[in-house]
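In what follows, a single structure is set out as structure tokens and then discussed.
What follows is calculated from the coordinates using simple rules that are stated; it is not laboratory data. All of these numbers come straight from a predicted model, not from anything done at the bench. Here the Cβ is made from the backbone with ideal geometry for all residues, glycine too, and neighbour counts use every protein chain on show.
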Amino acid sequence: MSDRLRSNGVRRVVAAAVLAGFLPMTTAGCFGTFQLTRKVYGFNKEVSPDKWVRWLTFLVMTIIPVYGFATLFDALFANSVEFWTGKNPVVADLGTEKVVFGPDGEVGRFTMLAPGRADLQIIDGAGRLTALELVREESSIAAYDSTGRLVLRVGDEDGRPAVLAGATK
């Protein structure tokens, strides 16, 4: 297989992984998941193994009203963002792996490293591994190989995802 054909396959998998990782997933219900309220509850649950300390903490957070503010924030802001974009702004996907399959048997493993940075490992149809780091830029997403060389830049062109730049040699 020529390097040009293999490069096109890698580009397709990179573009698919970028879209899968950064575009809305539309998994939220119509009223949202109340993630901040759940985080407050999780904090309260982990504050102590003693049920009386947890109960006292719950009372304090109810009187102050931490639970009330968290629920109000979720209802008015976070759940609305989740409804329209499919992504709750309270939830961090760091460390979560997503798997994408390419048209020619490629497999891409996508892991969020930090906000705007992700690791992508691609195994092509012949079993060869390509490791890339995806970096969100101002108006595009760039893919760099393990040496830091630009492999691909994907962005928006006339309202559609497009390859903006390839590798520089």
Yes or no: residue 154 β-branched (Val, Ile, Thr) and buried (at least 17 other Cβ atoms within 10 Å of the Cβ)?
yes
Can you tell me which residues in the range 39-93 are under 30 Å from residue 117 (Cα atoms) and among the small types (Gly, Ala, Ser)?
42, 70, 75, 78, 80, 86, 92
I need every pair where a residue in the range 36-49 that is of a type outside the set (Val, Ile, Thr) has its Cβ under 7 Å from the Cβ of a residue that is not in a helix (DSSP H, G or I), sequence separation at least 6 or different chains.
36/90; 39/90
Filter pass, residue 165 being among the hydrophobic types (A, V, I, L, M, F, W, C), surrounded by fewer than 16 Cβ atoms within 10 Å (Cβ to Cβ) and within 13 Å of the chain's Cα centre (by Cα)
no
Within the range 98-119, can one find any residue that is in contact (Cβ under 8 Å) with a residue 60 or more places away in the chain and within 16 Å of residue 32 (Cα to Cα)?
no
